[in-house]
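The values are calculated or read from the model by the stated rules, or taken from the named source; none is laboratory data. It should be emphasised that the depicted structure is a prediction, and the values quoted were computed from it without experimental measurement. Here the Cβ positions follow ideal geometry from the backbone for every residue, glycine too, while neighbour counts run over all protein chains shown.
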């Protein structure tokens, strides 16, 4: 740790920030839907870390906008990866059926 004084000291035991609260709410909803499994624990942990880092950067007045922007993009990436998983193993079949229905619709020609 450096000896330089900080203008706005940050508490070591900070409370959950907006991103972490939002992620926790998302996880609760995913669990209620049965979309989270044991195998997802690494990705869930990565999302938690990314949310906490983003909250910390947003609460640090000396943090640059560039760093905050990069953290937003990284958090968005891992959260999207978690949310974008298919709900069912045969989700590709549903997509094929959707495209087939659109191709058969005469009003779309």
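With the requirement that a residue be surrounded by 13 or more Cβ atoms within 10 Å (Cβ to Cβ) and part of a helix (DSSP H, G or I), what does region 25-40 give you? Scanning region 25-40 gives 26, 27, 30, 40.
Residues checked against (1) assigned to a loop (DSSP other than H, G, I, E, B); (2) exposed (fewer than 13 other Cβ atoms within 10 Å of the Cβ); (3) modelled with pLDDT of 95 or more:
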{"position": "42", "(1), (2), (3)": "no, yes, no"}
{"position": "51", "(1), (2), (3)": "no, no, yes"}
{"position": "82", "(1), (2), (3)": "no, no, no"}
{"position": "85", "(1), (2), (3)": "yes, no, no"}
{"position": "100", "(1), (2), (3)": "no, yes, no"}
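Of the candidates 16, 20, the single residue that is within 17 Å of the chain's Cα centre (by Cα) and modelled with pLDDT under 90 is 16.
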